[in-house]
Amino acid sequence: MNCLFCAIVAGDIPADKVAESQNVLAFNDINPQAPVHILIIPKSHHENVGELSVADPNCLTELFTLANQLALEKGLTGYRTVFNTGVDGGQTVFHAHLHLIGGRAMHWPPG
Ligand code: AMP
Ligand code: ZN
């Protein structure tokens, strides 16, 4: 399978890693949309959050737990967590990933 984020998990492609827990890896987004923009991914491959939630709900919790921990460590006063799903949802990498975005005021509604 040709998956960019599986290659990052395997160490075949470098990433700017910021944290890791048992089933989850966090690294800085290569094209940050805010002062803090971290991607938090399951180490195992799931195409999107819907598939992950069925296959491994505990891992979904682990993603959000690490997101909140990183937000606290970085002193964020607020943050946004986003899963884009499907092409029309803005998903470009088809390995589930949670965006942790913060360090500036967020706009609502998002585009
Ligand atoms: P999405 O559009 O929700 O699928 O998000 C994919 C994200 O992956 C985008 O924000 C990209 O900037 C980011 N991205 C793509 N390639 C890399 C990479 N090699 N290292 C880190 N982030 C990446
Ligand atoms: Zn993958």
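Report, to the nearest 10°, how far helix 57-73 tilts away from the longest principal axis of the Cα atoms in the chain, using its own Cα long axis and a range of 0 to 90°. The helix 57-73 is inclined about 40 degrees to the chain. Computed about the Cα centre, the dipole magnitude for region 11-92 is approximately 260 debye when only Lys and Arg (+1) and Asp and Glu (-1) carry charge, each at its Cβ. The residue list Gly11, Val49, Thr77 was ranked by how far each Cα lies along the charge dipole of the chain toward its positive end, using unit charges on Cβ atoms, and Thr77 comes out on top. Summed over all non-identical Cα pairs, the Kirkwood treatment of region 35-85 gives a radius of 11.9 Å.
Taking a point 7 angstrom from the Cα of Ala105 along the C-beta vector, which residues in region 59-97 have backbone N less than 16 Å away? Hits in region 59-97 for Ala105 at 16 Å: 77-80. Of the Cα atoms belonging to the chain, the radius of gyration and Dmax stand at 13.3, 39 Å.
For Ile38, what charge total do you get from the other residues with a beta carbon under 13 Å from its beta carbon, if Lys and Arg give +1 and Asp and Glu give -1?
Numbers: positive: Lys17, Lys74, Arg80; negative: Asp16, Glu20, Asp29, Glu73.
That works out to -1.
Based on DSSP H segments of at least four residues, each scored -39500 (n - 2.57), the chain has a per-residue ellipticity at 222 nm of -8500 deg cm²/dmol.
Values in this text are rule-based calculations from the coordinates and carry no lab data. Because the structure is predicted, anything quoted here is derived from the model rather than measured. Here the Cβ is made from the backbone with ideal geometry for all residues, glycine too, and neighbour counts use every protein chain on show.
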